[in-house]
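This report refers to the structure that appears directly beneath it.
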Amino acid sequence: MAAQIIDGKAIAKEIRKALAEKIKVLLEQGKPRPGLAVVLVGDDPASNLYVNMKKKACKEVGIYSEEHRLPGTIRQNELLGLIDNLNSDAKIHGILVQLPLPKSLDEQEIINRIDPAKDVDGFHPINVGKLCIGEKAFIPCTPAGIMHMIDTIEYNPSGKKAVVIGRSNIVGKPMAQLLLQRNATVTLCHSKTKDLAAECRQADILVAAVGKPEMVKADWIKPGAVVIDVGINKVGTKTLGDVAFEQAKNAAGWITPVPGGVGPMTIAMLLNSTVNACESVFY
Ligand code: GUN
């Protein structure tokens with residue numbers, strides 16, 4: 001039987017609608033308008049596209065946003081100075097530094113400088129640590145969006161076997177933590193994993209976040225599994241996921257498409273975190 005498609009675009013639209021209404025109420029109550037600063041260094045086309053999408057989404061729900069586009073030659077100290085200014089700017093509640101940064105910059109030092117209370121990406125060590133010990137905190141937007149999708153299809157991860165492919169700080173590691181928090185038995189796979197296909201075949205929930213077009217084949221998928229595809233791979237004019245969707249949809253129980261799956265959810269979660277930051281939900 002063909003898998004049910006998890007329509008991230010539609011779920012994200014609902015979230016944006018609810019956020020727009022929430023922001024309207026907050027403003028009527030005399031509360032400040034949530035504000036997001038997006039910092040983009042260099043001219044990576046994919047990062048440029050994501051930043052534009054984030055800006056458009058902010059506008060649509062009523063979040064103030066400002067962009068700081070900086071040359072790839074910017075010095076570490078200048079960028080740290082900008083973060084300091086944004087940390088103390090009252091109209092800015094969330095700060096997002098689009099990653100990856102050029103190799104000439106120390107990415108972790110930049111992230112560490114963001115006020116944890118404005119770290120809507122959940123990349124600051126304080127928020128990472130809080131996630132690990134199960135305290136409320138900003139959670140990286142992509143894994144947060146994936147958990148929201150899993151909840152939307154009313155799939156309970158408790159006692160299930162989850163396999164996450166990819167151990168990045170942005171997706172793989174926080175994804176594993178979130179699934180663990182929900183009582184899944186989690187395996188985190190990576191480039192040195194011995195028999196990746198065999199690991200994947202055990203998975204009731206399979207999250208692919210590797211950046212290799214159509215790497216996950218139908219025969220890697222346990223029949224009926226929830227398959228979440230984080231990949232956005234440009235191949236010629238096409239955008240392909242990490243999962244070979246056309247064949248995988250005949251094996252999976254649920255599957256996310258690319259585009260229109262995880263991507264829109266990531267942006268919706270960023271908006272949600274910005275509103276939470278404005279309301280000081282965690283700090
Ligand atoms: N690069 C790829 N994904 C993300 C993300 O979620 N946040 C930031 N800041 N950079 C990214």
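The values are calculated or read from the model by the stated rules, or taken from the named source; none is laboratory data. Keep in mind the model is a prediction, meaning the values are calculated, not measured. Every residue, glycine among them, receives a Cβ derived from its backbone with ideal geometry; neighbour counts consider all protein chains shown. Calculation scope for accessible area: heavy atoms of the full protein, side chains included, ligands and nucleic acids excluded. Shrake-Rupley method; radii C 1.70, N 1.55, O 1.52, S 1.80 Å.
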Checklist line | Whole-percent pair-distance distribution, where bins are 5 Å wide, for the alpha carbons of the stretch 116-164 | finding: 5, 20, 21, 24, 18, 10, 3
Next item on the list: With a ≥ b ≥ c taken as the square roots of the eigenvalues of the C-alpha gyration tensor of the stretch 1-131, please select rounded if a/c is under 1.5 and otherwise prolate if a/b is larger than b/c or oblate if it is not?
Entry: oblate
Note to self: What is the percent carbon and sulfur in the accessible area of the chain, measuring with a 1.4 Å probe over the protein chains and ignoring ligands?
What the structure shows: 54
Item checked: Part-to-part distance (alpha-carbon centres) for the stretch 74-138 and the stretch 148-172, which is given in Å -> 25
Next item on the list: Assign unit charges at the C-beta atoms only (+1 for Lys and Arg, -1 for Asp and Glu), then state the dipole size of the stretch 217-257 relative to its Cα centre in Debye, rounded to the nearest 20.
Entry: 60
Notebook entry, point to check: Which value, in debye to the nearest 20, describes the size of the charge dipole of the stretch 130-278 about its Cα centre when Lys and Arg Cβ atoms bear +1, Asp and Glu Cβ atoms bear -1, and nothing else is charged?
Noted result: 320
Checklist line | Kirkwood-based shape ratio for the stretch 215-273, expressed as Rg/Rh from alpha carbons | finding: 1.03
Check: Evaluated at 20 °C with a viscosity of 1.002 mPa s, what Stokes-Einstein diffusion coefficient in µm²/s does the chain have when Rh comes from the Kirkwood expression over alpha-carbon pairs?
Finding: 111
Item checked: Distance violations [Cα-Cα > 30 Å] among Lys13/Lys249; Lys130/Lys234; Lys55/Lys249 -> Lys130/Lys234; Lys55/Lys249
Next item on the list: Taking DSSP loops as anything outside H, G, I, E and B, show the longest stretch in the chain free of GluC sites (Glu not before Pro) there with at most 12 other beta carbons within 10 Å.
Entry: 1-134
Next item on the list: With r as the distance between the Cβ atoms of Gln247 and Asp43 and R0 = 41 Å, compute the FRET efficiency 1/(1 + (r/R0)^6) and round to 0.05.
Entry: 0.70
Next item on the list: Please give, to one decimal in nm, the separation of the simple spin-label points placed at Thr237 and Lys24, each 7 Å out from Cα toward the Cβ.
Entry: 4.0
Notebook entry, point to check: Which angle from 0 to 90°, rounded to the nearest 10, does the C-alpha axis of helix 8-28 make with the longest principal axis of the chain?
Noted result: 30
Item checked: Stretchable slack from Met1 to Arg75, in nm (0.36 nm times residue separation minus alpha-carbon distance) -> 21.1 nm
Notebook entry, point to check: Could you give the dipole magnitude of the stretch 21-84 about its Cα centre, charging the beta-carbon of Lys and Arg +1 and that of Asp and Glu -1, in debye to the nearest 20?
Noted result: 260
Check: What accessible area, in Å² to the nearest ten, does a 1.4 Å probe give for Ser104?
Finding: 90
Notebook entry, point to check: In whole Å, how far is the Cα centre of the stretch 1-61 from that of the stretch 205-223?
Noted result: 27
Margin query: Between helix 76-87 and the chain, what is the angle of the helix's C-alpha long axis to the longest principal axis, kept within 0 to 90° and rounded to the nearest 10?
Written below: 80
Next item on the list: Divide by every residue of the chain the summed helix terms, -39500 (n - 2.57) for each DSSP H run of at least 4, and state the resulting mean residue ellipticity at 222 nm, rounded to the nearest 500 deg cm²/dmol.
Entry: -12500 deg cm²/dmol
Check: So if we plug the beta-carbon distance of Ser88 and Glu67 into 1/(1 + (r/R0)^6) with R0 = 22 Å, what FRET efficiency do we get, rounded to 0.05?
Finding: 0.70
Item checked: Accessible surface, the stretch 224-274, averaged per residue in Å² (probe 1.4 Å) -> 34
Next item on the list: Would you list, by chain and number, the aspartates and glutamates whose Cα falls below 19 Å from the Cα of Lys24, excluding same-chain residues fewer than 8 positions away?
Entry: Glu14, Glu60, Glu279
Checklist line | Hull-based mean projected area of the stretch 8-72, where the convex hull spans the alpha carbons, in square nanometres | finding: 4.7
Notebook entry, point to check: Residues of the stretch 1-147: accessible area per residue at 1.4 Å, in Å²?
Noted result: 51
Notebook entry, point to check: Top to bottom by accessible area (1.4 Å), largest first, where do Asp195, Asp242, Asp115 land?
Noted result: Asp195, Asp115, Asp242
Note to self: Eigenvalues of the Cα gyration tensor times 5, then square-rooted: what semi-axes does that give for the stretch 131-283, in whole angstrom, largest first?
What the structure shows: 25, 18, 14
Note to self: Can you give the FRET efficiency to the nearest 0.05 for Glu107 and Lys59, using r as the Cβ-Cβ distance and R₀ = 35 Å?
What the structure shows: 0.80
